[in-house]
Amino acid sequence: MPVINGAADYSDLMLRFRRAYHRADAELLAEVLGDGFEWHNHWFSVDAPNSTGQVLTSLDELIVELERRKEHWTDVWFEGMVEHYSPGLVTQTFTISGKDDGVPFERGAVDLYTVTEDEKIVKKDTYWKYAAG
């Protein structure tokens, strides 16, 4: 684990993760994800936007979800992202907005990333909350 001024620093790992995630690049994601990766995801239907939860349990399932979003989500905007690092954990907060099949959404989000000693992300827990009425 990289340490700066006595604190964990996963800034490089998270930069690489965000780039790979944004591109839905399986090869780049494989470089930052550890064995047994899971994404405990929010999930909602545009018809009933209450979080139901969904667990993605592999890189392949992650790619399918990212490709689904590319197909259905438009005008997506992330705002105010802040990351905090502690040994084995990254906490990320932000607001996300956009349209899902033309239906606007805006949510406050918290992502918790579990990181192994060899700097691989093995779990992503996502929590969404309505950000606007």
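The values are calculated or read from the model by the stated rules, or taken from the named source; none is laboratory data. All of these numbers come straight from a predicted model, not from anything done at the bench. Note that each Cβ is placed from the backbone with ideal geometry, even for glycine, and that neighbours are counted across all protein chains shown.
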Point to revise | Single residue of region 119-133 satisfying the filter (among the aliphatic types (A, V, I, L, M) and surrounded by 14 or more Cβ atoms within 10 Å (Cβ to Cβ)) that is modelled with the lowest pLDDT | key: A131
Study note, to complete from the structure: Over region 77-105, the set of residues farther than 18 Å from A8 by Cβ and surrounded by 15 or more Cβ atoms within 10 Å (Cβ to Cβ) is F94, T95, I96, S97, G98, D100, F105
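Looking at region 1-36, which of the residues that are assigned to a strand (DSSP E or B) and at pLDDT below 95 is surrounded by the most Cβ atoms within 10 Å (Cβ to Cβ)?
By that ranking, first place goes to A8.
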Revision key, fill the gap. If you go through L66, L89, the only one that is of a type outside the set (G, A, S) and at pLDDT 95 or above is L89
Exercise for review: Inspect region 44-62 for any residue being surrounded by 14 or more Cβ atoms within 10 Å (Cβ to Cβ), over 15 Å from W128 (Cα atoms), at pLDDT 95 or above and within 14 Å of the chain's Cα centre (by Cα) and give the result as yes or no.
Suggested key: no
Study note, to complete from the structure: Given (1) under 17 Å from F17 (Cβ atoms); (2) modelled with pLDDT of 95 or more; (3) within 16 Å of the chain's Cα centre (by Cα), T116 misses just (3)
